[in-house]
Amino acid sequence: MADRPHKPKLAVWKFASCDGCQLSLLDCEDEILAIAGAVEIAMFLEATRTELDGPYDVSLVEGSITTPADAERIQEIRRQSKTLITIGACATSGGIQALRNFKDVKDFVSIVYARPDYIDTLATSTPIADHVPVDFELRGCPIDKGQLLELLAAFLVGRKPAISHHSVCVTCKQRGNVCVMVAKGTPCLGPVTHDGCGAICPSVDRGCYGCFGPMESPNVDGLRAELQKLGMDQQAINRVYGTFNVNAEPFRRESQRSS
């Protein structure tokens, strides 16, 4: 009897996050059946009780590192993974929970928990790449399922994924959207934000919120001048950058700017 063809082992891991990026994989619906048929799902606790030992051909990692235990666990996952891909703003930049990085986390712990002495946490929330080498980063809050499918398909056939690196503004032009900043005076982070969402917010006359983090070489100084022309003071500009990707340069720098 002929041996069955080897299927790549896929593992999905969770750290500090809301599970939204894992749910994006489940939201693939019909497509996930094809994925499940092409790979062996060795670990994906959001979807199955199956837990197979490594090594793994590819690991998808959601969430940021916020505890000493997780800092150790990601090292072992990296050792067991031939390819490690981070998915989502938490894993690629530290997530919205990285707002803790600019305060004393002990103050938060003392307010939130009845027994702070039981809590073992790090002072910061950091991306996976701060701890181990990462082979590819898929951005977003949450990630785009189309990009995720493209990434997995590229992995299965051994080619480079066709993931764009331009700004949301380029996508708006491709879709024929009227610029909300120019036409309506609406503040928008599209000029400095990585493409991936399909320009959802500008397509419904809302400014981009920067869910996919900074694009390559963003002109944040130029955008700051334009936002100020629209009536935003420095505090308001700090606030719009201090969200999903607050720990990603240059969003971190803009969120902490004093003038």
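No lab work stands behind these numbers, since they all come straight from the coordinates. Since the structure is predicted, the reported quantities are computational estimates derived from the model, not experimental observations. So basically every Cβ, Gly included, is an ideal-geometry build from the backbone, and we count neighbours across all protein chains shown.
Are any of the pairs K82/K173; K14/K160; K14/K82; K7/K160; K103/K145 more than 27 Å apart by Cα-Cα distance, and if so, which?
On the way: K82/K173 38 Å; K14/K160 25 Å; K14/K82 18 Å; K7/K160 20 Å; K103/K145 34 Å.
The answer is K82/K173; K103/K145.
So what is the relative contact order of the chain, in percent, for Cα pairs below 8 Å that sit 6 or more residues apart? Could the numbers behind the result be given before it?
Values: 473 pairs, mean separation 43.3, N = 259.
Here the relative contact order equals 17 percent.
Viscosity 0.692 mPa s, temperature 37 °C: Stokes-Einstein D of the stretch 176-257 from its Kirkwood Cα radius, in µm² per second?
Numbers: Rh = 12.6 Å.
The calculation lands on 260 µm²/s.
For each of H165, H6, H131, H194, count neighbouring Cβ atoms within 10 Å of the residue's Cβ, then give the residues from fewest to most. Could the numbers behind the result be given before it?
On the way: H165 11, H6 8, H131 17, H194 25.
By the 10 Å Cβ count, ascending: H6, H165, H131, H194.
How high is the relative contact order of the stretch 81-187? Use alpha-carbon pairs under 8 Å, at least six apart in sequence, and give a whole percent. If you can, show how the numbers build up before the last one.
On the way: 89 pairs, mean separation 31.3, N = 107.
With pairs under 8 Å counted, the relative contact order is 29 percent.
Find the all-direction average of the projected area of the Cα convex hull for the chain, expressing the result in square nanometres with one decimal place. Working shown, then result.
Values: hull surface 66.3 nm².
Projected area, direction-averaged: 16.6 nm².
Can you work out ³J(HN,Hα) from phi for every residue in the stretch 188-202, in order, using Karplus 6.51 cos²θ - 1.76 cosθ + 1.60 and θ = phi - 60°, giving whole Hz and x for Gly and Pro?
8, 8, x, x, 10, 9, 4, 5, x, 8, x, 6, 4, 5, x
Taking other Cβ within 10 Å of each residue's Cβ, how do Y209, Y56, Y118 sort, fewest first?
Exposure proxy ranking, most exposed first: Y118, Y209, Y56.
Any chance you could list the semi-axes, whole Å, largest first, of the equivalent ellipsoid that the Cα gyration tensor gives for the stretch 133-220, using √(5λ)? Present the calculation step by step, with values, prior to reporting the outcome.
Details: eigenvalues 137, 34, 21 Å².
Working through the eigenvalues yields semi-axes of 26, 13, 10 Å.
Tell me, I85, I128 in order of fewest to most beta-carbon neighbours within 10 Å?
On the way: I85 21, I128 29.
Lowest count first: I85, I128.
Please list, ordered by chain and number, the residues whose modelled amide H lies under 5 Å from the amide H of K9; skip anything fewer than 5 residues away on the same chain.
Amide H neighbours of K9: E40, D57, V58.
Work out how far the C-alpha atoms of the stretch 9-157 reach from end to end along every principal axis, then list the three figures in whole Å, largest first.
Taking the Cα atoms of the stretch 9-157, the three principal extents are 48, 28, 27 Å.
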